[in-house]
1. For ASP239, are the conditions met, namely being under 18 Å from the mean Cα position of the chain (by Cα) and at pLDDT below 90?
2. Mind checking whether some residue in the stretch 141-149 is of a type in the set (S, T, N, Q), closer than 23 Å to ASN227 by Cβ and modelled with pLDDT of 75 or more?
3. Determine which single condition PHE132 fails, assuming it passes every other condition in (1) open to solvent by less than 10 Å² (accessible area, probe 1.4 Å); (2) farther than 30 Å from ASN227 by Cα; (3) aromatic (Phe, Trp, Tyr).
4. Collect the residues in the stretch 62-94 that are within 26 Å of LEU29 (Cβ to Cβ), open to solvent by 10 Å² or more (accessible area, probe 1.4 Å) and in a strand (DSSP E or B), keeping them in residue-number order.
5. Scan SER80, SER73, SER145 and give me the residue that is small (Gly, Ala, Ser), within 21 Å of THR211 (Cβ to Cβ) and touching a strand residue (DSSP E or B) at 6+ places or on another chain (Cβ under 7 Å).
6. Among the residues of the stretch 194-206, which ones are part of a strand (DSSP E or B), crowded, with 21+ Cβ neighbours inside 10 Å and at pLDDT below 85?
7. All but one of (1) over 23 Å from ARG180 (Cα atoms); (2) open to solvent by 40 Å² or more (accessible area, probe 1.4 Å) hold for ALA287; state the number of the condition that does not hold.
8. Can you tell me which residue in the stretch 153-190 is modelled with the highest pLDDT, limited to those that are among the polar types (S, T, N, Q) and farther than 17 Å from LEU217 by Cα?
Amino acid sequence: MSYGTIQPYLDSRKHLKLQTGHTVTVIALHGQRIQISCSVVNLTSSGSYLEFREKDGDIAKQPVINRVYTSKSNTMAVYSQIVKDADWFNCKWKTTDSYPIHKLCHDTEAKTINGAIQSMDLAEESHRFCTFSIVVPLDQHVQISCSVVSLASGCGLKFHEERGWMNEAGLISTRPIIDRNYTSKGNKMVIQADSFDNKRCRFDCTWKTTTTPTYRLCFDKRAKSPNGTIQPLDDAGMDGPRFCPFTITAARTDQLIRISCSVVKLTTVLSSLRFYDGRDAGANVIAYPPIANKVYTSKGNTLVVFSWKFDDDWFDCEWATVQASS
């Protein structure tokens with residue numbers, strides 16, 4: 001890894017030398033990218049500026065203090081101009097092997113198995129409607145999670161399947177939660193943002209691929225796949241909670257269902273999650289409620305998941321079929 005610092009030039013007596021249209025170009029090894037962050041950006045004088053650019057456009061026209069900016073290629077240019085002694089900036093850069101970074105409204109599609117999508121950095125407020133598509137190999141699914149979701153009034157961020165944007169079938173999330181995983185049912189996911197600008201609406205999300213399909217309770221009713229994940233349907237904007245069953249059936253009668261939940265967040269009093277053995281929902285309770293990271297196994301080849309979910313409560317459960325002991 002290489003690294004360095006970029007500041008305005010000081011002469012031998014440590015006096016600031018005013019600069020007009022100065023450029024520093026950082027070039028990393030092929031396959032690497034450059035990350036840069038500034039601990040100080042004090043450019044109050046008219047005519048002073050600091051900008052980060054790359055071959056196909058701007059990275060940041062007005063860098064925000066302590067925000068990390070990443071190039072999409074192995075080259076980044078830092079443009080600056082200092083017209084008064086009071087102006088100053090201090091930026092540190094390093095090279096990284098990280099995935100490519102895309103900017104919404106600037107980029108429209110990615111076909112990589114991992115990457116990041118961020119809100120575009122704009123010098124002024126700019127209200128736009130933009131979409132970004134992620135396409136992965138046919139036998140894989142897109143799994144996305146956001147480390148930053150800051151949405152002021154009037155901003156929107158949604159995740160959809162390739163089709164069905166305006167109906168429940170295509171909905172993945174209408175209000176992504178920080179650090180929560182969202183997974184497409186197919187090999188494509190569409191990100192939609194409305195009324196985004198740099199100052200009021202920000203997000204930073206990364207994606208990877210998975211071979212495990214994800215089902216959404218209340219939309220999906222049953223599954224016969226040998227493994228999978230079940231999560232609640234993102235019901236933002238819908239009236240009231242729902243009580244929904246989901247049936248998992250193994251392909252053979254001598255197979256069992258083994259299920260475990262990495263997340264069980266049921267803080268609302270009336271929210272619930274239950275696992276039943278077999279199709280008789282009232283007879284054989286396996287878990288009520290399940291404990292996070294505990295493994296539960298059916299006695300037969302069918303397991304039923306029941307949920308009654310309120311507000312932002314959430315669960316994320318994964319199952320696999322196993323051979324019954326002889």
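The values are calculated or read from the model by the stated rules, or taken from the named source; none is laboratory data. These numbers were taken from a predicted model, which means no experiment stands behind them. Glycine also receives a Cβ, built like all others from the backbone with ideal geometry; neighbour counts cover every protein chain displayed. Remember, those area values only see protein heavy atoms, side chains included, never the ligands or the DNA or RNA. Shrake-Rupley method; radii C 1.70, N 1.55, O 1.52, S 1.80 Å.
1. Details: under 18 Å from the mean Cα position of the chain (by Cα): no; at pLDDT below 90: yes.
The answer is no for ASP239.
2. Within the stretch 141-149, the subset of a type in the set (S, T, N, Q) is 143, 145, 147.
Among the residues that remain, those that are also closer than 23 Å to ASN227 by Cβ are: 143, 145.
Filter once more, so that each one left must be modelled with pLDDT of 75 or more: 143, 145.
Yes; the residues of the stretch 141-149 include at least one that is of a type in the set (S, T, N, Q), closer than 23 Å to ASN227 by Cβ and modelled with pLDDT of 75 or more.
3. (2)
4. Result: THR70, THR75, ALA77, TYR79, ASN90, LYS92, TRP93, LYS94.
5. Details: SER80 fails: within 21 Å of THR211 (Cβ to Cβ); SER73 fails: within 21 Å of THR211 (Cβ to Cβ).
Being small (Gly, Ala, Ser), within 21 Å of THR211 (Cβ to Cβ) and touching a strand residue (DSSP E or B) at 6+ places or on another chain (Cβ under 7 Å) holds for just one of SER80, SER73, SER145, which is SER145.
6. Residues of the stretch 194-206 that are part of a strand (DSSP E or B), as a first pass: 194, 201-206.
Filter once more, so that each one left must be crowded, with 21+ Cβ neighbours inside 10 Å: 201-203, 205.
Once the filter is applied, which keeps residues that are part of a strand (DSSP E or B), crowded, with 21+ Cβ neighbours inside 10 Å and at pLDDT below 85, the stretch 194-206 yields CYS201, ARG202.
7. (2)
8. Going residue by residue through the stretch 153-190, those that are among the polar types (S, T, N, Q) are 153, 167, 173-174, 181, 183-184, 187.
Those left that are additionally farther than 17 Å from LEU217 by Cα: 153, 187.
On the way: SER153: 74, ASN187: 92.
Taking the candidates together, the pick is ASN187.
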